[in-house]
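First comes the structure, then the notes that go with it.
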Amino acid sequence: MEFEEPVTEIIKRTYNVKSFRFKKPDDFDYKAGQYVIITLKDGEKKIGKPFTLSSSPTEKDHIEFTKKLTGHEYSNMLDAMVPGDKATIKGPFGKLTFEGEREKIALLSGGIGITPMISICKYCTDMKLNTDIMLICSDKTEEDMIFTEELEEMKKQNPNLNVFHTLTRASESWTGCRERICENLILRELPDYYERTFYVCGPPPMVDSMVELLQSMRIPDSEINKESLIGY
Ligand SMILES: Cc1cc2nc3c(=O)[nH]c(=O)nc-3n(C[C@H](O)[C@H](O)[C@H](O)COP(=O)(O)OP(=O)(O)OC[C@H]3O[C@@H](n4cnc5c(N)ncnc54)[C@H](O)[C@@H]3O)c2cc1C
């Protein structure tokens with residue numbers, strides 16, 4: 001499906017991440033974790049890029065995507081948008097989806113790769129699913145942590161949602177984990193890892209190294225779902 005909608009709301013998430021909301025057309029259906037192509041026009045020029053929806057299908061009034069601002073051409077066009085400006089939305093696409101088909105899942109995200117995980121966590125929370133979720137987010141610094149308040153709010157509503165953060169370039173005051181996601185971290189934080197289905201999303205090198213790690217830990221390929229944010 002392809003449709004044009006004006007932006008209804010823009011939410012600044014961090015110093016370099018913004019979410020863009022649009023009214024959800026009644027006949028637009030998607031699964032938690034899927035992505036859309038957002039096309040912007042500048043005169044005669046049109047540029048389209050893929051973005052995972054950071055909203056959940058349970059949110060009936062809006063859809064949302066979340067962009068890490070890079071200072072490049074398309075990113076600057078988005079950054080300059082104000083409510084009322086239009087974008088063309090095409091989709092949904094993608095197989096990194098969750099609809100409650102597993103009892104225990106592990107979500108591994110790198111940076112902006114948190115977007116499908118937020119959609120999945122929100123979906124499970126709103127649907128009151130019993131799914132046992134462990135979300136492990138890896139970011140660079142405290143300032144790069146996205147959706148922390150939203151996750152705290154979801155944790156209050158969903159006792160099956162656990163969130164673990166690791167920061168690879170944290171400030172001295174960070175008392176939490178500083179490791180990259182590695183075998184030790186998984187053995188420690190996810191001792192029942194072999195019972196879980198994995199969902200991995202982030203920049204291509206992160207996704208490749210996570211898949212290699214999980215394979216080396218004898219997780220079957222059928223239990224590893226991944227999305228590389230190519231172009232990130
Ligand atoms: C399925 C899918 C889902 C996605 N979901 C999201 C999402 O939810 N949120 C999100 O932010 N992104 C997402 N992406 C990535 C997104 O589509 C864009 O590719 C990304 O945001 C970068 O776009 P850009 O125009 O800002 O940067 P681009 O100009 O496309 O730059 C992309 C990369 O190339 C590098 N680069 C570009 N030009 C140069 C140059 N001249 N010299 C050196 N390096 C250069 C940049 O540093 C950057 O790392 C997704 C991608 C896919 C495939």
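The values are calculated or read from the model by the stated rules, or taken from the named source; none is laboratory data. Bear in mind the structure is a predicted one, so any value in this text is a computation, not a measurement. Cβ: placed from backbone, ideal geometry, glycine included. Neighbour counts: every protein chain shown. Calculation scope for accessible area: heavy atoms of the full protein, side chains included, ligands and nucleic acids excluded. Shrake-Rupley method; radii C 1.70, N 1.55, O 1.52, S 1.80 Å.
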Only one of 120, 146 is in contact with a Leu (Cβ under 9 Å, 6 or more places away or on another chain) and at pLDDT 95 or above. Can you tell me which? 120
If only one of 154, 81, 117 is open to solvent by less than 60 Å² (accessible area, probe 1.4 Å) and assigned to a loop (DSSP other than H, G, I, E, B), which one is it? 81
Which residue out of 15, 74, 30 is in contact with a Pro (Cβ under 6 Å, 6 or more places away or on another chain) and either at pLDDT 95 or above or farther than 24 Å from residue 149 by Cα (or both)? 30
Sort out which residues of the range 26-53 are away from the ligand (no atom under 14 Å from the Cβ) and either assigned to a strand (DSSP E or B) or open to solvent by less than 20 Å² (accessible area, probe 1.4 Å) (or both), and write them in order of number. 28, 41
Hits in the range 214-228 (condition: open to solvent by less than 30 Å² (accessible area, probe 1.4 Å), touching a helix residue (DSSP H, G or I) at 6+ places or on another chain (Cβ under 7 Å) and not β-branched (Val, Ile, Thr)): 217
Meets criteria (in contact (Cβ under 8 Å) with a residue 24 or more places away in the chain, more than 30 Å from residue 193 (Cα to Cα) and open to solvent by 40 Å² or more (accessible area, probe 1.4 Å)) for residue 91: no
Do we have residue 103 as farther than 28 Å from residue 27 by Cα and either open to solvent by 20 Å² or more (accessible area, probe 1.4 Å) or not assigned by TED's automatic domain parsing to the domain that holds residue 12 (or both) here? yes
Exactly one of 44, 101 is within 28 Å of residue 225 (Cα to Cα) and free of Cβ contacts under 8 Å to residues at least 24 places away in the same chain, and that one is 101
Kindly provide the set of residues from the range 3-31 that are among the small types (Gly, Ala, Ser) and in contact with a Leu (Cβ under 8 Å, 6 or more places away or on another chain), ordered by number. none
Quick check, is residue 160 exposed (fewer than 13 other Cβ atoms within 10 Å of the Cβ) and under 28 Å from residue 220 (Cβ atoms)? no
Any residue at all in the range 97-107 that's touching a Ser or Thr at 6+ places or on another chain (Cβ under 6 Å) and within 16 Å of the ligand (Cβ to nearest atom)? no
